[in-house]
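What follows is a short report on a single structure.
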Amino acid sequence: MIQQTIKGILIPVGGAEDKGTDLEKGVIERNRMNFFELGILKQIIDKIGGEKRIEVVTTASSIADEVIDNYISAFEKLGDTNVGHMRIRERKDVDTTEMLDRLKKADCVMFSGGNQLRLSSIFGGTQFLEIIKERYHNENFVIAGTSAGAMAMSQTMIYEGSATSAHLKGEVKITTGLGFMDNVIIDSHFEKRGRFPRLAQAVAANPGAIGIGLSEDTGVIVEHGNQITAIGSGAVYIFDGKNIEFNNIGDAEIGKPIAVSNMIVHIMCSGNRYNTSTRVFEASAVAEV
């Protein structure tokens with residue numbers, strides 16, 4: 001079966017991306033370079049080709065107005081003032097003529113952080129979501145998402161799981177995400193919130209999927225549907241369960257520790273690449289941060 005080439009770009013981000021606030025405090029020159037030249041929001045603008053239309057979807061957030069103000073300010077510092085706010089709070093707000101028209105005219109849609117279950121439950125099965133998927137597959141269309149917005153991008157989505165008990169069977173809750181990628185599971189705030197065992201359990205239960213753990217102010221650019229490049233100031237963790245030899249997750253009792261052997265873990269920094277189809281890590285394209 002020949003897989004269709006995907007023309008769009010996904011940019012999932014681990015949360016807390018640099019929005020240029022340090023610049024307002026008059027901090028060091030290195031922060032200016034990180035934001036204006038290497039920063040994640042700058043790379044989103046570069047991928048859409050300059051000052052084109054960005055629509056920010058704040059559905060996942062409980063503080064939508066504060067979130068959009070921060071993004072408008074950050075994008076303005078980078079020279080893009082063409083930013084809209086899709087303030088979608090309920091399913092009845094999704095498939096309106098206004099929202100569908102704005103979606104069709106946008107060059108990039110960015111999903112903010114918050115609660116990823118709000119994204120899957122509000123957008124699942126909508127015409128809005130189908131249009132996004134169609135544009136992602138067939139056009140030079142960019143879909144970005146931070147924190148919850150990144151986690152919701154995959155077909156298999158983590159929506160709950162405490163870091164302190166994620167090694168116990170049943171503590172990691174999984175559901176269906178927005179389905180932009182069907183062979184990965186994405187987790188955010190990866191290092192700061194100690195989510196290594198959470199993603200490990202998710203991959204142990206779904207060893208055909210690649211786990212992608214994103215640190216804060218860190219993300220990946222996904223091109224052609226399978227080629228990912230790390231960006232940002234932190235690390236990206238890749239969990240490959242294809243060669244797992246022992247896995248007790250099917251037999252262990254609920255609440256008991258899980259055991260897994262031969263799960264492969266890669267750690268990527270900015271510029272490193274990984275192909276989710278071939279499961280090959282490329283260390284040749286390392287960029288300084």
Original post:
What length, rounded to one decimal in nm, is gained on full extension from E253 through to K192, with 0.36 nm per residue of separation minus their alpha-carbon distance?
Top reply: 19.0 nm
Original post:
Any idea how many Lys pairs in segment 75-184 come in under 28 angstrom at the alpha carbon, given 8 or more places apart or on separate chains?
Top reply: 9
Original post:
Which distance in Å, rounded to a whole number, links the C-alpha centroids of segment 230-260 and segment 181-214?
Top reply: 7
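How much space per residue, in cubic angstrom, does the convex hull of the C-alpha atoms of the chain take up?
134
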Subject >> For segment 119-213, diffusion coefficient by Stokes-Einstein and Kirkwood Rh (Cα), 20 °C, 1.002 mPa s, µm²/s >> reply: 156
**OP:** Note the full-extension length gain between V265 and Q127 as 0.36 nm times their separation in residues minus their Cα-Cα distance, in nm to one decimal.
**Re:** 46.0 nm
Subject >> Added length on full extension, which subtracts the Cα-Cα distance from 0.36 nm per residue, K104 to T5 >> reply: 33.6 nm
Original post:
Extent of segment 207-289 along each principal axis, from alpha carbon coordinates, in Å, largest to smallest?
Top reply: 45, 26, 19
**OP:** With label points built 7 Å along Cα→Cβ from the Cα atoms of Q155 and E90, find their separation and express it in nm.
**Re:** 3.3
**OP:** Tell me the label-point distance for the pair D69, K52, using the 7 Å Cα-to-Cβ offset, in nm and rounded to one decimal.
**Re:** 3.0
**OP:** May I ask you to order 235-241, 147-153 by the average number of other C-beta atoms within 10 Å around their residues, highest value first?
**Re:** 147-153, 235-241
**OP:** Would you mind ranking V142, V260 by Cβ crowding within 10 Å, fewest neighbours first?
**Re:** V260, V142
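Every number in this text was worked out from the coordinates using simple rules, so none of it is lab data. For clarity, every value in this text was computed on a predicted model and none was experimentally measured. Cβ atoms come from the backbone with ideal geometry, glycine included; neighbour counts cover every protein chain shown.
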